[in-house]
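> What follows is a structure written as structure tokens; I'll ask about it next.
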Amino acid sequence: MKIVVPLKQVPDLVEDLELNDDGTGLDYEYLKMKLNEWDDHALEEAILTKEAGDAEVIAVALDGEDVDKMLFTALAKGADKAVKITGANPYAGNHEMARVLANAISGMSPDLVLVGVQSAGDSDGWLAPLLAAHLGMPSVSVVTGLQVSGNTATVHKEYSGGIMAEFDVDLPGVIGIQAARQTPRYAPVSKVRQIQQSATIEEVAAGDLGDVVTSTVEEMKHPEKGGGAKMLSDVEEIVEVLKEKGVA
């Protein structure tokens with residue numbers, strides 16, 4: 001079995017997010033990036049599936065700053081191969097990213113594609129179904145459990161209100177992972193450095209994107225700051241404030 005896992009870098013939200021000069025997006029020049037946490041869960045689920053049977057795990061990412069380190073880390077965790085897609089925008093929206101990934105992944109003939117259900121950069125959850133549409137594969141997303149047997153994947157999908165459902169998916173297929181069966185493993189820095197010295201990252205071109213439906217951000221702003229808060233120490237103060245506001 002061949003399992004492909006697309007990986008994406010997203011802004012580290014502990015950092016201050018600055019806007020670009022046009023005010024239409026983030027300024028990525030000095031922004032610290034990290035692996036999208038849901039992609040990390042997808043990678044962990046792929047490695048667990050590999051450990052439970054005979055499978056090859058391929059980590060794929062669009063070229064960008066520190067992408068090599070991210071891919072070497074994936075190899076250190078247990079992926080068998082790393083592929084970098086060149087000539088594409090690593091900060092593209094999900095429609096464009098799905099087309100780029102489909103161009104690269106289609107040539108790999110995967111049995112299973114595991115995608116993080118969303119990312120800090122979009123949170124719309126559309127990458128898995130869009131990628132599945134381009135690849136002509138079935139898709140189930142928001143998955144918190146996965147078992148593979150032969151040409152079938154049994155998945156547990158989470159709905160609103162904590163409702164769970166079980167589906168059997170004919171493979172090949174695309175699964176959007178919400179959470180792996182266990183916390184994603186840690187790769188020691190020493191092991192990552194060892195992998196950097198011995199492993200190689202394959203490169204493939206993004207290919208023809210054709211007509212991609214995209215949206216354009218006209219303006220982006222930081223949230224407006226309010227006038228601050230007034231600390232009240234007792235009930236009498238609360239009553240006085242309510243009277244001033246005409247509600248008591």
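Residue by residue, here is whether (1) in contact (Cβ under 8 Å) with a residue 60 or more places away in the chain; (2) outside any strand (DSSP E or B); (3) small (Gly, Ala, Ser) holds:
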residue: Thr154; (1), (2), (3): no, no, no
residue: Ala180; (1), (2), (3): yes, yes, yes
residue: Thr183; (1), (2), (3): yes, yes, no
residue: Ile195; (1), (2), (3): yes, yes, no
residue: Leu209; (1), (2), (3): yes, yes, no
residue: Glu219; (1), (2), (3): yes, yes, no
residue: Met231; (1), (2), (3): no, yes, no
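> Another question about this same structure. Name the one entry in Ala98, Ala59, Ala42 that is touching a residue at least 24 places away in the same chain (Cβ under 8 Å) and over 18 Å from Ser139 (Cα atoms). Step through it out loud before you land on a result.
On the way: Ala98 fails: over 18 Å from Ser139 (Cα atoms); Ala42 fails: over 18 Å from Ser139 (Cα atoms).
Selected residue: Ala59, the only one of Ala98, Ala59, Ala42 that is touching a residue at least 24 places away in the same chain (Cβ under 8 Å) and over 18 Å from Ser139 (Cα atoms).
> When you scan the stretch 152-168, how many residues do you find that are of a type in the set (Phe, Trp, Tyr) and within 10 Å of Val140 (Cα to Cα)? Quick ask: steps written out before the conclusion?
Step one: filter the stretch 152-168 for residues of a type in the set (Phe, Trp, Tyr), giving 159, 167.
The next check asks that each one be within 10 Å of Val140 (Cα to Cα); those that pass are 167.
Within the stretch 152-168, residues that are of a type in the set (Phe, Trp, Tyr) and within 10 Å of Val140 (Cα to Cα) number 1.
> Do we have Leu13 as over 16 Å from Leu127 (Cα atoms), surrounded by fewer than 17 Cβ atoms within 10 Å (Cβ to Cβ), aliphatic (A, V, I, L, M) and within 15 Å of the chain's Cα centre (by Cα) here? Can you show your working first?
Details: over 16 Å from Leu127 (Cα atoms): yes; surrounded by fewer than 17 Cβ atoms within 10 Å (Cβ to Cβ): yes; aliphatic (A, V, I, L, M): yes; within 15 Å of the chain's Cα centre (by Cα): yes.
In short, yes.
> Among the candidates Ala82, Ala76, which residue alone is of a type outside the set (Lys, Arg), surrounded by 21 or more Cβ atoms within 10 Å (Cβ to Cβ) and in a helix (DSSP H, G or I)? Step through it out loud before you land on a result.
Numbers: Ala82 fails: in a helix (DSSP H, G or I).
Just a single option satisfies the conditions, and that option is Ala76.
> On to the next question. Do the conditions hold for Val169, that is, is it touching a Pro at 6+ places or on another chain (Cβ under 7 Å) and of a type in the set (A, V, I, L, M, F, W, C)?
Values: touching a Pro at 6+ places or on another chain (Cβ under 7 Å): yes; of a type in the set (A, V, I, L, M, F, W, C): yes.
Criteria met by Val169.
A short reminder: the numbers here are calculations on the coordinates, not readings from a lab. In this text the structure is predicted, and so the values were computed from the model without any measurement. Virtual Cβ from ideal backbone geometry, glycine too; neighbours counted across all protein chains shown.
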